[in-house]
Amino acid sequence: MIKIYHNPRCSKSRQGLSILEASGKEFEIIKYLEKELTSKELLSIISKLGIKPMDLIRKNEAIWKSEYKGKTLSDQEIIEAMLKHPKLIERPIVINEDKATIGRPPENILNII
């Protein structure tokens, strides 16, 4: 089943959701700001995306700028920051079995559905 990690307040996330709705395929919406991700889930997402944890960070978020910017952080510390502050996680993320993409731009989603 396709999953979208979604933030309804984000325009790109809403656009990504619209792409999934238009596809006619079945999918699950995970509002990751309401239901906290586990470390295992986040590690799985990062692995499927094939990126470093830092590449999943929203570097313009105020919390990143105030608490983390300019610091040398290990991958584990970056993951812990995302678990503590899920707003730091790029969105939307769409997963289709073993494939995943960040929907920025939202059209990236078309490549995995």
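The values are calculated or read from the model by the stated rules, or taken from the named source; none is laboratory data. Computed from a prediction, not measured in an experiment: that's the story for all the values here. Note: ideal-geometry Cβ built from the backbone for every residue, glycine included; neighbour counts use all protein chains shown.
Values as computed for the structure displayed
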{"item": "Breaking point among (1) under 23 Å from I113 (Cβ atoms); (2) modelled with pLDDT under 95, for E36", "result": "(1)"}
{"item": "Residue within the stretch 54-73 that is in contact with a Pro (Cβ under 6 Å, 6 or more places away or on another chain) and either assigned to a loop (DSSP other than H, G, I, E, B) or among the hydrophobic types (A, V, I, L, M, F, W, C) (or both) present", "result": "no"}
{"item": "Yes/no for E80 being touching a helix residue (DSSP H, G or I) at 6+ places or on another chain (Cβ under 9 Å) and assigned to a loop (DSSP other than H, G, I, E, B)", "result": "no"}
{"item": "Subset of the stretch 51-70 (residues that are farther than 16 Å from R104 by Cα and either basic (K, R) or free of Cβ contacts under 8 Å to residues at least 12 places away in the same chain (or both))", "result": "K52, A62, K65, S66, K69, G70"}
{"item": "Residue within the stretch 23-33 that is part of a helix (DSSP H, G or I), in contact with a strand residue (DSSP E or B) (Cβ under 6 Å, 6 or more places away or on another chain) and closer than 12 Å to I95 by Cβ present", "result": "no"}
{"item": "Some residue of the stretch 89-99 being in a helix (DSSP H, G or I) and modelled with pLDDT of 95 or more", "result": "no"}
